[in-house]
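Values quoted throughout were computed directly from the atomic coordinates according to the rules given, and no laboratory measurement underlies them. Just so it is clear, the model here is predicted, and its values are computed rather than measured. Quick reminder, even Gly has a Cβ in these numbers, built from the backbone with ideal geometry, and neighbours come from all protein chains shown.
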Amino acid sequence: MTNPNVELSTSEQPASKGNVYFWSLRQKFVDSDDDVPEEAQQVMYYSLAIGHHVGMIDCLKNELVCPLDGYQSWVNAIPEGEARRKLQGLITFGEINIDSTHTSMLALAVDGFAKDENSPYCEWSSTLIRLLGEIEREPAIYLIVKRRS
């Protein structure tokens, strides 16, 4: 889902070569040979829901890939504010998590791109909005966004 037509303005410098990957965490399982007693299963499910990763394996699904320079251009096109700062965190830190506390803010920030079929960010924005909607419906889902060279 890359968009080769993304052009950077002269004021925007490419972050570097590489790609940005959006993965969704939709399920986890316990890596254990032991059967969990029925009375302890609720504790296990609670631990899975709040993200305790001791002995648990995350099952990530690749949802979106875009070139790093295109991602930076997309982020630069978002108006200044919390949504832009959140997405810019990928460039700063190399990884961000998007959870239910970010859904409305990010959806509003990219909604205009998703509605504009001529926008170079239309497809990416539409995909992100779809994923944010899934998080709204099931808050245990979250996105991990990472850059790779």
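When a/c is below 1.5 the answer is rounded, else prolate if a/b is larger than b/c, else oblate, so apply that to region 107-149 with a ≥ b ≥ c taken from the square roots of the Cα gyration tensor eigenvalues.
oblate
Could you tell me which of rounded, prolate or oblate describes region 52-149, using a ≥ b ≥ c as the square roots of the eigenvalues of the alpha-carbon gyration tensor, with rounded for a/c under 1.5 and, failing that, prolate when a/b is larger than b/c and oblate otherwise?
prolate
Hey, can you grab everything whose amide H is under 5 Å from the amide H of GLU63? Only 5+ residues off in sequence or another chain; H modelled, so Pro and N-termini drop out.
Long-range HN contacts for GLU63: PHE22, TRP23, SER24.
Given labels modelled 7 Å from the Cα in the Cβ direction, how far is it in nm from CYS59 to GLU138?
1.0
Among the listed pairs LYS115/LYS146; LYS17/LYS146; LYS17/LYS61, which are separated by more than 18 Å between their Cα atoms?
Violating the 18 Å limit, Cα to Cα: LYS115/LYS146; LYS17/LYS61.
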